[in-house]
1. Express in Å², to the nearest 10, the accessible area of residue 91 obtained by rolling a 1.4 Å probe over the protein heavy atoms while all chains stay in place.
2. Give me the distance in nm between label points sitting 7 Å out from Cα along the Cα-to-Cβ direction at residue 136 and residue 60, one decimal.
3. Could you give the nm distance between label points at residue 27 and residue 122, where each point is 7 Å from its Cα heading toward the beta carbon?
4. Taking the Cα centre of the chain as origin and charging only Cβ (+1 Lys, Arg; -1 Asp, Glu), how large is the dipole, in debye to the nearest 20?
5. When the helices in the chain are scored as -39500 (n - 2.57) per DSSP H run of 4 or longer and the sum is shared across all residues, what 222 nm value do you end up with, to the nearest 500 deg cm²/dmol?
6. Which order, highest average first, do 92-98, 31-37 follow once you tally other Cβ atoms within 10 Å for each residue and take the mean per peptide?
7. Rounded to a whole number, what % of the accessible area of the chain do carbon and sulfur atoms account for, probe 1.4 Å?
8. How many lysine pairs does the chain hold where the Cα atoms are under 25 Å apart and the two sit 8 or more places apart or on different chains?
Amino acid sequence: MGDTDDFQIYFYTGHKGRYGHEFFRFEIDKYGTLKYTNNSNYRRDSIIQKTLRLSPTLINEIRRIIEDSEIMHEDSSKWPRRDENGRLQLEIEMNGRSVTIETAKISSLADTISTEDPEGLRVLYYLIQDFKCLILSIISLHFKIKPIA
């Protein structure tokens, strides 16, 4: 699928509200380093930060997910702009191309329906869900405190 020299991802979604600045962020650099941050001030939770190295196989799988989603071909010009409810930001550099997306925070699939480009936002929504599932699974498996016997 290509080398990782030109592969990077940055994802952020968050808002400032009743509990302060709450956000979920991850980035994968060209060396395969995953940096994960989750800040939820609900009930005075502290910020969670984890860093780990991803295998080339996993990087290739993430690249495949991106290619299959076709997000690199979407035009975000008709997507809602960030607002008081928060923002979602996605930056991908891959195969000599880069895409930067900043839009309003998408909390559910229903948020995509009444927009000017519901199909494009649906592509973004499902890609983000895939990313969140994968990243949270990796973090959970890698930092398991008690191994499963």
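1. Rounded to the nearest 10, the figure is 70 Å².
2. About 2.8 nm separates the two model spin labels.
3. With each label placed 7 Å out from Cα toward Cβ, I get 3.3 nm.
4. Using only the charged Cβ atoms, the result is roughly 1020 debye.
5. About -9500 deg cm²/dmol.
6. 31-37, 92-98
7. Ligands and nucleic acids excluded, carbon and sulfur give 48 percent.
8. Lysine pairs satisfying the spacing and distance rule in the chain number 21.
The values are calculated or read from the model by the stated rules, or taken from the named source; none is laboratory data. Bear in mind that the values here come from a model prediction, so they are computed numbers and not experimental data. Virtual Cβ from ideal backbone geometry, glycine too; neighbours counted across all protein chains shown. The protein model used for the area step is the full one, side chains on, heavy atoms only, and it has no ligands, DNA or RNA in it. Shrake-Rupley method; radii C 1.70, N 1.55, O 1.52, S 1.80 Å.
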